[in-house]
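Visitor: The structure's right below; bear with me while I get my questions together.
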Amino acid sequence: MNLDDTIVAISSPAGRGERAVLRVSGPHALAVAERVFREDRLIRQHCEFQSTSPEGASFLAQGEDEVEPWVSAPPAEPSPGRGALPNDGPTEASAQGAPMGLDSHISYAYPGFGLRPSPWAKKDAPAGLTANPASTGLTANPPSGAVVLSDWPTFTARPGRLEPPGSGLSVPAVAYLMREPRSYTRQDVVEFHVGAWPALLPLVVGEIVAAGARPAEPGEFTFRAMMSGRLDLAQAEAVMAVIGAASRATLRAASDLLGGHLSREVGRLAAEIRDVLALVEVGLDFSDQDIEIAPPAELSRRIAAVRAALAHLGRSARGLETFDGQVRLVLAGRPNAGKSSLFNRLLQADRAIVSPVAGTTRDELRASLRAGGLTFTLCDVAGIDENGAGPGDPLDIGAKARARAVEALAGADLVLLVIDASAPPLEPSDELLALVTSPMVVAVTKSDLAPADGVPAWFASRGVDAEVVVTSAVTGEGIEALRAALVRAVEGGAVDRQAAGPVLTARHRAALERAAGALARAAPLAERGDEAGELVAMELRESLEALGAIVGDRADTDVLGAIFSQFCIGK
Amino acid sequence: MNEDAFDIVVVGGGHAGCEAALAAARLVGSSTRLGARVALVTIRADTIAQMSCNPAIGGLAKGQMVREIDALGGQMARTTDATALQYRLLNRSKGPAVRSPRAQCDRHAYARAMQETLRGQTGLEIIEDVACDIETAGDRVAAVRCESGRRLATRAAIVTTGTFLRGVLHVGTKMWPGGRIGEPAAENLSAGLARLGLVLGRLKTGTPPRVDGRTLDYAHMQEQPPDPDPVRFSFGWPDGPFPNVSCWITETTPEVHELIRANLDRAPLYTGQIRSTGPRYCPSLETKIVRFADRRRHQVFLEPEGRDTPVVYCNGLSTSLPEDVQDRVVHGIPGMERAAILRYGYAIEYDFVPPTQIQPTLETKAVRGLYLAGQINGTSGYEEAAGQGLLAGINAARALQGRPPIVLGRDQAYLGVLVDDLVTKGTEEPYRMFTSLAEYRLVLRHDNADRRLTPVGREVGLVADEAWRRLEAKEREIAETRALLRRVRVEGRTLEDLLRRPDVTWESLAADVPDLAALVISPEAREQVVIEAKYAGYLVRQSAQIERARKMEDRLIPPELDYAAVTHLRTEAREKLARVRPRSMGQAARIAGIGPSDLAVLMIHLKR
């Protein structure tokens, strides 16, 4: 992948999209951006130091080797606390790149710009697209014209208009300029924040591409951020998750990863392994010294403790791969309750409206459902039969399918409980309900065959807070209502609690498992004492290497440094 | 008649210089041209191969290197075996990878034996003089200039100056120039090296007092006897007289510590008189007492320096305290109350060339044909020095012959780890080898050094037919025995499987299996078979690690790469890469402060 050219993409999230962000990064970012932007000098003075919204230009500053001015600049107004999210919901915050406010070190705004929400960028966004800029009050006789971004200082935000030449279009926008290296990618970056005018944005991108930029590959801005050393690997992965974050809960989980929760935890465990390794090595490399060597039982105990901590981390961690930034929606119910029909019906309806947007970062296409600006990953599992697998199932196929269903339910953000109106009893079994630990929406199917009037009352009587929607996959009755109910369940915040614990990608999990495996071999070896020291060391090094891979860096293996700081060496 | 012409001039007659001179002479001396083609310039010919510090060779990780030197065709192991006073295999109770042979040597006998070897080497001339400058023609070495005015024209120079480059000795508040006690320093060569563009740094080391063994009271000390079954260094060197000299252990006392604390205002390490960095693993007594104040005792090992001398080396008492304090310290130690001090401990500061300035061939990046080896590269230890000297001698000779250099891998030898660490990471303190520095420790054992490196030494031309035949015979024995172990079964399981059980030994197996009992096999070959059977699983994993790493080692970086043209490299990464100029992505990854994203940027650049 080329890192030297200038790339452009619409980097706002898909969905409701009240606003859109168009980002340009690379050596010619300024020059190509000038082609489409006209500065509005009338309101410039008014806006220059106030026009940054919380959504501002969306990059983050952390892990910096140089001091970034905004890291330490106290915000002019109370800054959101750790893990707090922008008020406007996930779509506002999840522009490609990193959302602002994911970490307590990141203030929402540029220093000196103030934190006041921008009246320009938000409230005053004109209601319509105008063919003639002069026809609106805002731009009547503007003393505007060709703009020279290269004259602007860095961290400049100025209002103006996006006017792709020859398009006859003109739309108000705010341009943000961040010069290298103080930008997300550490290249020159220009962002345009505009109302999401679907018709306009491709024209703007087309013009910028015509000027010499290249449409960005999915994730390419973040790739550049990582390559330039701004993000470590775990953080870059977190950004990718944030981009696809479909709910506040997901966003919070990903921001946890981005904030370095996993890296910190892994770092703490790696430090303990390194300390144990130092004890082992001191027994090997300094055995001719008058040093008290740790007893084998203690080494073994400490190794086992780290292994247990790693296992706990793996268990408590939420698999990022299980939702990949999307709401994992599991359909549950008795066999033949109509889950698959409902599944297909939901997807059918969805496919008609899916339109991939350039620059968003869906790295893979899934059987996903888009509704209300959210993305759901639908997972249809085998039905849960209260009888379980009978003795007449020698291959245990039913039991295996059931085990998979149980696992899927455990990993669900949201469960769609499917009840067949035509096949009483309508109440779900206690066993099935016990497996559902996530928030729930109830769909009564086959409404064309039978009424299902008692279901809502039944759930209410059981104290289950679940919306019940009556549907028919055949007639299409209730499908739209069901989509709305799913969105409400997520946006109502019910899904939030799922985001507890650090977040793991499949890669992280594999690395954790490799580390834990090495420690599992090391602990009994350590008990053997002297004769196996070099083997214990080999296993401990392997676990350190595996953990180092999580943050994309080799773990600190300065074992000698640890030894010299702890032991009196030297005959 | 001040003009002589050589192929290779070695500057310095320490352990690096000796190996360099011998290897060079053995490799280039085979030509038909008459007269010496290799010269060794040294300040005093009678102190060649002097053990300036303790009278011992080998030790943890170092013993492995000495055996590697032997396998490659170097000299140190043979001379040690000929002059040893005692052998001990360290870490005997531990796994085979960390077992290390160590020998106490007769200090004078060792130097004498090495000097005889040098004098007997055809094609090698020993010149007593002080090198003061390196002359170049273009970017190549042209001559070594000496203080006498002599000019030694040469095609290559190997500089092995040890502690002699602008050396300054410290005892208490006294300081004076010198290369080591009783010998002058090389005062002018530093400036010559600097003129060639080399940056110099400064390091410190130290040595303890020596006492008269006849004045020690061994009744109050613990004896440290030699191993009854010595493991020698040289593969196949005939056994010398049974080395049966003991060392003795005593320890310091709280009163001695108090005495030292009371005199820190006269300790050059604490008054600011010494500024440069000393070895962390070999601190002075005063450093130990300051840094680990809660320790009430420190061990002192009393090591005899020879059979015919009363001199005893006080290992553990390295110090540069004033003489009167040294007197009281020594006399405060149990068993040493009446000890006669023959020589006081001292510290020495000297110039070194931070080793990122040399290539893995040990040739400097700045000047073609100029090689550096030993303490000038920031190392400490006789073994580290000898290993570098050997490699520098080999590579200087090969370069003249137009043959490719020998660069040992980290998976191949401790000497490979040593050189790679030096040229990749540099060092800010005297560098010493540890087994923990070798990521492939399980395969870098002392017992298989011959199997790892004799083929290399043979290819180079330093391994004689006899040693080569010995290795071939050993390999044959190993292969045949392994085949037997895989063929013969007891209760359905192969002998190899049985041997893998922790509780099964060769002997216990042989007691039950007549085939095995009847087998005639050398102990060395048998040891290889047993280790490889018992550690098979780990060795396979280590081999897999090596294979994985080799992919990175095989991704070569063009030596002339312009790092300024690699856009997107962080400034720090760019500077480090440009300074080290790694040969491969693997080496680049080992540079401190180079992260995965730097490597990715580099990789993307190279792919274009």
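Since every read-out is calculated from the coordinates, none of them should be taken as a lab result. Please read these numbers as outputs of a predicted model, since none were measured by experiment. Neighbour counts are summed over all protein chains in view; Cβ atoms, including those assigned to glycine, are modelled from backbone coordinates with ideal geometry.
Visitor: Residue-wise, which Karplus ³J(HN,Hα) couplings in Hz belong to the stretch B:103-120, taking 6.51 cos²θ - 1.76 cosθ + 1.60, θ = phi - 60°, and x for glycine or proline?
Guide: Computed from phi, the couplings for the stretch B:103-120 are 10, 7, 10, 6, 4, 6, 5, 4, 4, 4, 5, 5, 4, 4, 4, 5, 5, x Hz.
Visitor: What number, rounded to the nearest 500 deg cm²/dmol, is the helix-based mean residue ellipticity at 222 nm of chain B, given -39500 (n - 2.57) per DSSP H run of at least four residues and division by all its residues?
Guide: -11000 deg cm²/dmol
Visitor: Sort A:D420, B:D554 by Cβ crowding within 10 Å, fewest neighbours at the top.
Guide: With the fewest neighbours first, A:D420, B:D554 line up as B:D554, A:D420.
Visitor: Projected area of the stretch B:382-464, taken from the Cα convex hull and averaged over every viewing direction, in nm²?
Guide: Reported value for the Cα convex hull: 6.0 nm².
Visitor: Could you pull out every residue, at least 5 positions away or on a different chain, whose amide H is within less than 5 Å of the one on B:C247? Hs are placed 1.01 Å off N in the peptide plane, and Pro or chain starts have none.
Guide: B:Q224
Visitor: Quantify how strongly other chains surround peptide B:50-62 by giving the mean number of their Cβ atoms within 10 Å of each of its Cβ atoms.
Guide: Average neighbour count from other chains, rounded to a whole number: 1.
Visitor: Next up: Would you order A:E163, B:E383 from fewest to most other beta-carbon atoms within 10 Å of each residue's own beta-carbon?
Guide: The order, fewest Cβ neighbours first, is A:E163, B:E383.
Visitor: Output the peptides B:71-79, B:491-499 sorted from most to least packed, where packing is the average of other Cβ atoms within 10 Å over each peptide's residues.
Guide: In descending order of packing, they fall as B:71-79, B:491-499.
Visitor: With each pseudo-label sitting 7 Å past Cα toward Cβ, what's the B:A517-B:A479 distance in nm, one decimal?
Guide: Rounded to a tenth, the inter-label distance reads 3.0 nm.
Visitor: Full extension from B:D497 to B:M552: what is 0.36 nm times the residue separation minus their Cα-Cα distance, to one decimal in nm?
Guide: 16.3 nm
Visitor: May I have the extent of the alpha carbons of the stretch B:46-157 along their three principal axes, as whole Å values ordered from largest to smallest?
Guide: 55, 31, 26
Visitor: Out of all DSSP beta bridges with both ends in chain B, state the antiparallel percent to the nearest 5.
Guide: Antiparallel bridges: around 70 percent, rounded to the nearest 5.
Visitor: When each pair of different Cα atoms in the stretch B:210-348 is counted once in the 1/r mean, what is the Kirkwood radius in angstroms, to one decimal?
Guide: Computed over Cα pairs of the stretch B:210-348, the Kirkwood hydrodynamic radius comes out at 16.4 Å.
Visitor: In addition: Can you tell me the length gained on complete extension of the stretch A:D5 to A:D151, counting 0.36 nm per residue apart and subtracting the Cα distance?
Guide: Additional length available on full extension: 50.4 nm.
Visitor: Using the Kirkwood formula over every pair of different C-alpha atoms, what hydrodynamic radius in Å results for the stretch B:157-244?
Guide: Its Kirkwood hydrodynamic radius stands at 17.9 Å.
Visitor: Taking H as built 1.01 Å from N, whose amide H comes closer than 5 Å to the amide H of B:D129, not counting residues under 5 places away?
Guide: So B:D129 has HN proximity to B:T42, B:I43.
Visitor: Additional query: Arranged by the count of other C-beta atoms within 10 angstrom, fewest first, what order do B:E286, A:E531 take?
Guide: A:E531, B:E286
Visitor: Now a separate question. Along its three principal axes, how long is the stretch B:465-539 when you only count alpha carbons? Whole Å, largest extent first please.
Guide: 43, 30, 18
Visitor: Give the long-range amide H neighbours of B:A157: residues separated by 5 or more places, or on another chain, with amide H under 5 Å away, using H modelled in the peptide plane at 1.01 Å from N.
Guide: Correct list: B:V9, B:L370, B:Y371.
Visitor: Give the shape of chain B as rounded, prolate or oblate, defined through the alpha-carbon gyration tensor: a ≥ b ≥ c are the square roots of its eigenvalues, a/c under 1.5 means rounded, and otherwise the shape is prolate if a/b is larger than b/c and oblate if not.
Guide: In terms of gyration-tensor shape, rounded.
Visitor: Considering only C-alpha atoms, what is the centroid distance from the stretch B:403-464 to the stretch B:137-180, in Å?
Guide: Comparing the Cα centres of the stretch B:403-464 and the stretch B:137-180, I get a distance of 27 Å.
Visitor: Can you tell me the FRET efficiency between B:D327 and B:F242 if r is taken as the Cβ-Cβ distance and R0 is 51 Å, rounded to the nearest 0.05?
Guide: That pair, B:D327 with B:F242, gives E of 0.85.
Visitor: Modelled label-to-label distance, A:E480 and A:S461, 7 Å Cα→beta-carbon offset: nm?
Guide: 3.3
Visitor: Karplus couplings for the stretch B:13-24 from phi (6.51 cos²θ - 1.76 cosθ + 1.60, θ = phi - 60°), rounded to Hz, Gly and Pro as x?
Guide: Running phi through 6.51 cos²θ - 1.76 cosθ + 1.60 with θ = phi - 60° gives x, x, 5, 5, x, 4, 5, 4, 5, 5, 4, 4 Hz.
Visitor: Averaged across the residues of A:276-285, what count of C-beta atoms belonging to other chains lies within 10 Å of each residue's C-beta?
Guide: Taking all residues of A:276-285 together, the mean is 4.
Visitor: Pop the C-beta distance of A:S429 and B:D229 into the FRET formula with R0 = 60 Å and round what comes out to the nearest 0.05.
Guide: 0.20
Visitor: While we're looking at this one, here's another question. With θ set to phi - 60°, apply the Karplus curve 6.51 cos²θ - 1.76 cosθ + 1.60 along the stretch A:183-189 and write out the HN-Hα couplings as whole Hz, x wherever there is a Gly or Pro.
Guide: Computed from phi, the couplings for the stretch A:183-189 are 9, 4, 8, 6, 10, 4, 10 Hz.
Visitor: Using alpha-carbon pairs under 8 Å, 6+ residues apart, how would you state the relative contact order of the stretch B:465-539 in percent?
Guide: Once normalised by length, the contact order is 34 percent.
Visitor: Per residue of A:532-542, what is the mean number of Cβ atoms on other protein chains within 10 angstrom of that residue's Cβ?
Guide: 5
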